[in-house]
Amino acid sequence: MKSSISKKEFTKMSLQKRYEVLKNKGEYVGVRQLGDHRIHLYAVSNFFVEMWILFCINEIRWIEIQNNQSILNEYTDNIDIKKNLGL
């Protein structure tokens, strides 16, 4: 990761500042879709953050820390280890 930021610091930030943190310090992990939203997962410091985008108008609705392991596991469904390793 590029630099450390705490969960507490992140939750106090505005939506715009959270977006800047994702853009500059976040490490992209994956994407999932739920209804009309495309949800992008990022690793920031030692936690995960979801960015929810209403895709029909390409608008960021919210950016929040994601702690729910069941939801985080949904991103692993899209990972093909053999393909990523060229096997």
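Each reported figure results from applying straightforward, stated rules to the coordinates on display, with no laboratory input. Everything numeric in this text was worked out from a predicted model, so none of it was measured. Reconstructed Cβ throughout: ideal geometry from the backbone, glycine too, with neighbour counts over all protein chains shown.
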Residues of segment 1-14 being among the hydrophobic types (A, V, I, L, M, F, W, C) and either assigned to a helix (DSSP H, G or I) or surrounded by 15 or more Cβ atoms within 10 Å (Cβ to Cβ) (or both), in sequence order, are ILE5, PHE10
Close pairs (6 angstrom Cβ cut-off, 6 or more residues apart or separate chains): among the acidic types (Asp, Glu) in segment 16-31, in a strand (DSSP E or B) anywhere: GLU27/ALA43
Considering only residues that are surrounded by 15 or more Cβ atoms within 10 Å (Cβ to Cβ) and of a type in the set (A, V, I, L, M), look in segment 15-42 and name the one that is farthest from SER4 (Cα to Cα). ILE39
